[in-house]
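Colleague: Have a look at the structure that comes next, please.
The values are calculated or read from the model by the stated rules, or taken from the named source; none is laboratory data. Nothing here was measured: the structure is a model prediction, and the numbers come from that model. Heads up, the Cβs are rebuilt from the backbone with ideal geometry, glycines too, and the neighbour counts pull from every protein chain shown.
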Amino acid sequence: MPGSGSGSGTTVYWPELDELKQVLDVTSDDWDGDLDDTRLTRLLAAAITRTKLDVGGWDDLVDDPDASLAQAALRLAELIALKPENAAAASGDPTYKRLIYGHRRRFGIA
């Protein structure tokens, strides 16, 4: 999925499985799940989807990630992989919040 970067002409993509495996220091293919969308593949897809939801109003046909959003999705995937029991609170991580800062289009009202 091509991205527009941040106006610099640089193409940015959502993180891919190899990038997540590097962050997690995973060298085997045992947990990839490439063919059946399980394990790390599913986890990464969920983190990207959550990042899009946190931005709000995301439209895959016209919206592309910039470097900060791509890194935010990778950070979220890392947090979920390392502590699945804290997945619900992962989007409150200070690093994730800094990366997504300024990208939100919609805010929840309590």
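Colleague: Step by step: first the residues of the range 45-90, then only those that are of a type in the set (Ser, Thr, Tyr) and surrounded by fewer than 21 Cβ atoms within 10 Å (Cβ to Cβ), then the one that is nearest to GLN22 (Cα to Cα). Which residue is that?
Modeller: Checking each candidate, the answer is SER68.
Colleague: To continue, here is another question. Taking the range 70-96, which residues are over 11 Å from the mean Cα position of the chain (by Cα) and among the β-branched types (Val, Ile, Thr)?
Modeller: THR95
Colleague: Where in the chain are there helices (runs of 4 or more DSSP H), lying fully within it, with 3 or more residues that are among the small types (Gly, Ala, Ser) and modelled with pLDDT of 85 or more?
Modeller: By residue number, 39-55, 67-82.
Colleague: Within the range 91-110, which residues are buried (at least 16 other Cβ atoms within 10 Å of the Cβ) and touching a Lys or Arg at 6+ places or on another chain (Cβ under 8 Å)?
Modeller: SER91, ASP93, TYR96, LEU99
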